[in-house]
Every structure is written in C-alpha cells, then in structure tokens.
Amino acid sequence: FLLLYIERDPRLCITPSSVTQHTLSDQSNHIRKPEYVALLHQTISTITSTIMRSKQNNSPSPEQQPASGTLLVAAFVDPAYEWPQQEGVGKNAIELQASLALLMSADPNSTDAEELEIPRIKKRSKVITETEIVTTSRCGFLRLCQKEESVVNTHTERYPVDAEEKARLQSEYRDKKKEILSMQKEKEERAKRQMKDQMLKEQYARIPEGIFIYRLDTATHTISLLSNPSSDTDLSILIKKIIVTDACPSKDKSRRGILLMGDRGEQMELVACGQRTAIAWMEALKMMLGKREESSEDQYLNLAAYSNNLIHTGAIPSHGKDGKEKQGASTIYYSVTKVQEEGEHVDVEALESIAKRRAVIKDSWDFYRLICSLLRDRRKYDETFRRMQLDSVYPYLNSMTGLNDPGDDAHNGDNKDVMQKDCKKYKHMTRTAVCKDLVEQAERALPSLVEICKALAGSLGMEEVGVGPVKEASTAIRKAEKKYEGDVLKVTDYCRSLLVVKDFPTLLALLELARDSFGPLIRRVKLSTLKSDHESVPGGYRDCKINVELKGHICEIQIHVWPLWVVCGVDGFRHYRHCLEYNTDSFVDPYDALANLDSKTLAELIVMAEEAVAGMPLENLEWYHEKYLLDYFAEVGLFFDHGLSVWAETTLRSLIKLRCESPDIGADHQETLYLQKYLEKALRQQNKVDEADAIAERLESIENMRRAEKEEASKSLWDSLFSDPNECFQNLIDPNKKDRDDHQQLKKEIKASKKCWRKIRAERFSFLDTNEFESTN
C-alpha cells in the first residue's frame, strides 16, 4: 500500500515528479504498472492544488493587512500629583532600566505551541486470501501413497477510486486542515499576546507615584494607558483609551500639556513629564491627523528618536535646578518605535542617513540661533547707548569734532585720509611684500605704543588695557580686500592697542590728556560713532579711535566705554564681523530668518531646539542662564511659524518674568519690552484681544516717556497761540525763528554740559592742570 504524508509547513513545495520518483525508487519491485503511476500523479496534483487554495484563502486581504505605523511611549503626569516631584518621591524610576533589559531579551514571536497531527489520506484496498490444495502421490507406479497439502495465497487488490468518495475525502481533508491551521494560528496569537502582556506588566510594574505611561499608536489613532493607576489617582476622570480625532496644545502653564478630543466627544488633557515628550507627541498627532505633511512622519519621528537617544545615553547631558546631572522619568520612559509589517526589510543604513539629516538641521539651528544672538546684542548696544546719552557731559561730547574723521563714510573705507606712508620701494614690491614690511614697522613701533598705553592707564585708571599682537600680513590683505579695495596702505591697525574707560567723563579726560601730551603725533581722532546723529558700526557697537604715528608707522588706539564693552567683552569684534558678514542690520526681527521654511523643516528645527535646552527645563530656568534664555527665545520664533502660539505665550511669560528678576535688566529694560511685543503677538493669534491691547497700551506709554526723557517737550503752534499770542504771531511772520531758537537751546545745553564737565574735571581729574603726564615720542 501507499501512504502520502502532507507536511504541516505550507512553504514546503510538493511536486508530483519528486514524490513519484521517490516512491518508484523505493517500490521498484512492486509498482511497475502505468495505471499506478497515473493514479499517483493524479492524487498528488489534487492534494497540491488543495493546499495552494487553502493557503490563498487563509492569507489576509489588503484591507486586513496590519497597517504600519509608529508607537510612541512616554511618561505623563497624574493630575492628582505635583510635577516635578518633590525630593524623595519616585526614587525607583531608574528601576525601569532593569525591566528594559528583560524587554530586550524577550522574544514576543517565540511560542511553545503543541504540535498537532495532520490528517493523512491513504488509498483504499482489499486483501484477498485464497487457499490452494496440492496432492502429492508416491510409492511406485500406482502412486498408492498420496499426500494432500494446503497453500494459502494472499494478495492485495486495489479498488479504483470512486469520484464521489474522492471528493468527500478531499472535502474532509480541507475542513480538517483549515480547522488545524486556525487552531494553531489562534494559539500562536494568544501566546504572543500573553508574552506582550507579561512584558508590559513587568516593564511598568514599578513606576514612580504620580506618573502615567501612555502609548500613542499612529496606525490606529489610539492613545492607551499602559501603567497602573497610583494610590491617589482619581479613577472617575481617568481615561484608559481614546481614539483621537483632534489635538492641540493645552493652556497648561508648564508648556507640556496636550488637549485631546475623542471620537465619542470626550476630552482629555495630558501633561507630559518632559518638554520634548509634549512637542514630539504634538507633532506626531498633527501628522497622524493630516494637519502636517504625511510623507514627513517617518523622517521626523526618526530624528526625534535619534535625538532622544543622544540625550538618554548622556551625549547631551540634562541637568536639574541644582546644576547636577539627572535622568528623569521623562527621559527613561520616552521611546519611539516603528511598527513594520512581518517580513519587511529594515534598512541598516537608516541611522547613518538620520545622523546626516540631524547634522544639516543642527547647522541650520546654529545659524538661526546666531542671528538671534546678534540681534539681541544689537538691541543691548542700542539700549545701553540710549541710557549713556542721559549723562550730563554727553551734549558736550556730542558737540566735539574729531580729527580727520570721515563720519559714516568710514564704513565704506573710501574716504579714509589717514594711511601708511607710501615709500618709493613699494612701487617695485608685491602686495604681500609690502604687508610684510609694514608688519616689521609695526613691530618696531610696538614698544612705544606700550609706553603710551601704560602712561594713560596709570593716569586715568583704566578698566582694561591690551596691546598687540601685531596683525599678520595675510590678515591685513584680507581686510584690505574686503574694506579698502585691496589697498594695504589704508590698514592702520597693524600695531594696535585697546583701552577701556569707565564712562564719558573719563573719555573726555583721555582725549584732553592725549592732546596736551602727544598731540603732534596724533593723525586721527574718530568720534563719529559716539554721536547721536551718526550710525554705529555694523552690529550696534560704538567706540573712539585715535591714530598716532610712532617711528614712521601709523598705530591705532581703540578706546572703549565700559557700559558698551561689557555687552560682548572681547567677543565684540566677532559680533561685529558676523553682523558685517550676514548683513544683520538689514532686518530687525530675527524671526524673519525663518521665512519660507516648510512645516517639516520647522518641526525638525524644534527637535534641535529641544535638544539644545534639554539640559535646562523651562521650570528650572534662572535669570542668569543667558545661554538657555537665548535658546528659548529662538524656539519661540519656531512656535510662531509652526502654529504653536500657546506654547510661544507660555515661554514668553517665563522669559519676561526672568528678565524682570535680573538686577541688570528689570521690567522697563528694552529687552523686556521687546519680549512683551512678542507676547502681544502671541495673544492676538489666540484672539486674546483685551490682554494684548493692555500690553500694547503699556508699551506705548513707556515709549512716550522715553521720548520725553530724551528731548524736552515743546509746545505746538496752537498751544502757544493761547498761551502767548505775540510769540505765535512772530512765528507766523518769521518761520525760521523756531530753528534759531532750537539752535540757541542746543548751545545752552552744550554750555551747561561743558560746565558739568569742568566740575567733574576738577573733582576727578585735577592732575590735568599739573602737566604731570610725560609725552612719549
């Protein structure tokens, strides 16, 4: 007889030729007839087609295929508890790392399903037994001795397969096969669910009090609770699962809240433990709901997960309010997992491409932050100079005329009168050789410049003094090409020094001391940038420059005023160079640098912003954390352009509060008022008109008050008509009378200012009358 065993694994390919060849080889001595071979071919073909049909029927349709998506798991705050938690609460948060090890070692696909017997089909046959009697005769010719023997012959007779019986057997086999496959599939899925439930139970069994662990599934639009409620959790308002139909930032003051709307009309507010959680989830929800570009979901979430891994592994440290490094629940419980269909290939090079993408976005963030920094310092310079103009001696300084001062044209370098001496030998020398010769001259003049600066500092008590080093030839050539059309003789700071004076009176004393002591050596005094009617250098900086000729070489003494100097310190030149290179004076609002960026780039820039502030959450920020204050201010611009005005408002309120607490800034400082203008914008975007109008009114009143401080209020023509009709009549007859009066008033102010300077000079700089300063030749 012949038995055909059908393998359980449907991936095993069964062909009639292979089975026939194997069977005939084993039964070569018994099965040789063509009808047996034909019957075998027919049976195997039938079984094979049956298996293939069963395989197709059991495979899910495209609509039933599991949709690929992303699983985001993160920690959120239980409304019944405070966050951040108090000292000593939730110390076992770090124990999740041990559960993560179990998670990595467990295989959710491994099952111990019992092997089930597969039904077998066999040919029907009948065994026929026949008895044959054989008589044997012996004893001579007559065969008188006879003996009878019985021989039993047994053979198998195969019946032809009845068509109806065959169909019935095939139907029974298909039903049995389908039942077994269904049982096995159900058993495997049950084992997987049990394994996953067990892993989740172990993973979130011991979380800190007051923390919920939620999971967002972008494929099914569901948010579900993974952890168990805490002891004080209000179960009446606890939502364990919600199908999200809409989401927006909530008005929670922590800037970590998300307001969710469900398919049954329910509302749910989630407050994340970390800022990055709220922002990443908000962006994922917007993409999931079709409010962002769907094609960018994978790239954005991959970048967010990559950035989170950098922070989680310590590549980007996170610090608490005390400055110590910490790793809170918001970092430990945060994960982003891509769900893929079974058998889908995972690209090993994805991490490399994500890292490259992050590098590009990081460069963009650094440049945008640099623009914010440059314009912030520009505002600081402008505000400092505005206050310095209130000094009593400033009108006198403002009336002074420099020596060979080209004014605002000095920025172009075209009208510079003071130059290095043009020697005859320079006609036959290259530009590089000329620069090297000028460098040698500067080195010979440097000792004399040192003596002058030491004498000035000793007499006036400078805040800071610096001399040299001599400018290199290559640097001088680059400056000449950029500013003087390649003329290296116009470079007058090969030999240079800097002096930082305390205030304007000290500057006036230095100018007088320099005039009386080494006046014949002075070739230029540039005061134009310190005058109110002149522009500052690019970036807002203002200073005074004195050029002196020492040993036939023009040297430069840069005189800085302390209030302006402390804004950037020694980095002031870098600030000037960047402002000149990027032309930052061409626009006022730093957020203009974000113009025309798509939503995907803005979302990725927000990831970089959160990465930059990961070390200092908003609730831990203090007024002296200048670096993080700038980072958060830059992030506000991203919130504005990305439609997150709620979080922009929350961040701005915190920044304004910290600026008011700063002893160097305060509530009426220009920087604080500048932030309030943006707060007004954020409020108007949320239709909070009354509060925005109140802020606008306050800003206008402060601006009017400052205008009154800067210049005296003058009565209008119609006011004077009622107060003094004769004066009004004179103004109508002589239109230039007001200009003459203003000029007379200015002369009076300058005279009063000079009088104040004389008084300060007598009190602080009496040595100017004793000629104790020795001139240096």
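The stretch 420-440 and the stretch 449-502 have their alpha-carbon centroids 19 Å apart.
Across the cross-link table entries 531/754; 490/551; 380/416; 286/657; 362/482, which are compared at the Cα atoms, the separations over 19 Å belong to 380/416; 286/657; 362/482. Once backbone amide H atoms are built at 1.01 Å from N, residue 227 has 213 as its partners under 5 Å, excluding neighbours fewer than 5 places away on the same chain. Full extension of the chain between residue 351 and residue 762 gives 140.8 nm of extra length, using 0.36 nm per residue less the Cα-Cα distance.
By a 1.4 Å probe calculation restricted to protein chains, residue 360 has an accessible surface near 80 Å², given to the nearest 10.
Note on residue 535 and residue 580: the model spin-label points, each 7 Å out from Cα along the C-beta direction, lie 1.4 nm apart.
Per-residue packing, averaged as other Cβ atoms within 10 Å, sorts the ranges 516-523, 583-590 into the order 516-523, 583-590, beginning with the highest. The Cβ shell under 13 Å around residue 502 holds other residues with a net charge of -3, Lys and Arg each +1, Asp and Glu each -1. Shown here is the pair-distance distribution of the stretch 357-488: with all Cα-Cα distances grouped in 5 Å bins from zero up to the longest one, the shares run 2, 7, 9, 10, 14, 17, 15, 12, 8, 5, 2, 0 percent.
Each of residue 571 and residue 689 was given a label point 7 Å from its Cα along the Cα-to-Cβ line. The distance between the two points is 4.4 nm.
Taking amide hydrogens as placed 1.01 Å from N in the peptide plane, the amide H of residue 523 sits under 5 Å from those of 547, 548, 549, each at least 5 positions away in sequence or on another chain. The stretch between residue 624 and residue 478 holds 48.8 nm of extra length on full extension. This uses 0.36 nm per residue minus the Cα-Cα distance. Rolling a 1.4 Å probe over the protein heavy atoms gives the stretch 482-573 an accessible area of 32 Å² per residue.
Per-residue SASA remark: residue 706, around 30 Å² accessible (1.4 Å probe; ligands, DNA and RNA not included). Ordering 592-605, 645-658 by mean Cβ neighbour count within 10 Å, with the highest value first, yields 645-658, 592-605. Backbone N atoms of the stretch 533-557 closer than 18 Å to the 7 Å Cα→Cβ label point of residue 451 belong to residues 548-557. Heavy-atom accessible area with a 1.4 Å probe sorts 746, 375, largest first, into 746, 375.
The values are calculated or read from the model by the stated rules, or taken from the named source; none is laboratory data. Fair warning: this is a prediction, and the values are worked out from it, not measured in the lab. Glycine also receives a Cβ, built like all others from the backbone with ideal geometry; neighbour counts cover every protein chain displayed. Ligands, DNA and RNA are stripped out before the accessible areas are found, and what is left, the full protein with its side chains, is counted by its heavy atoms. Shrake-Rupley method; radii C 1.70, N 1.55, O 1.52, S 1.80 Å.
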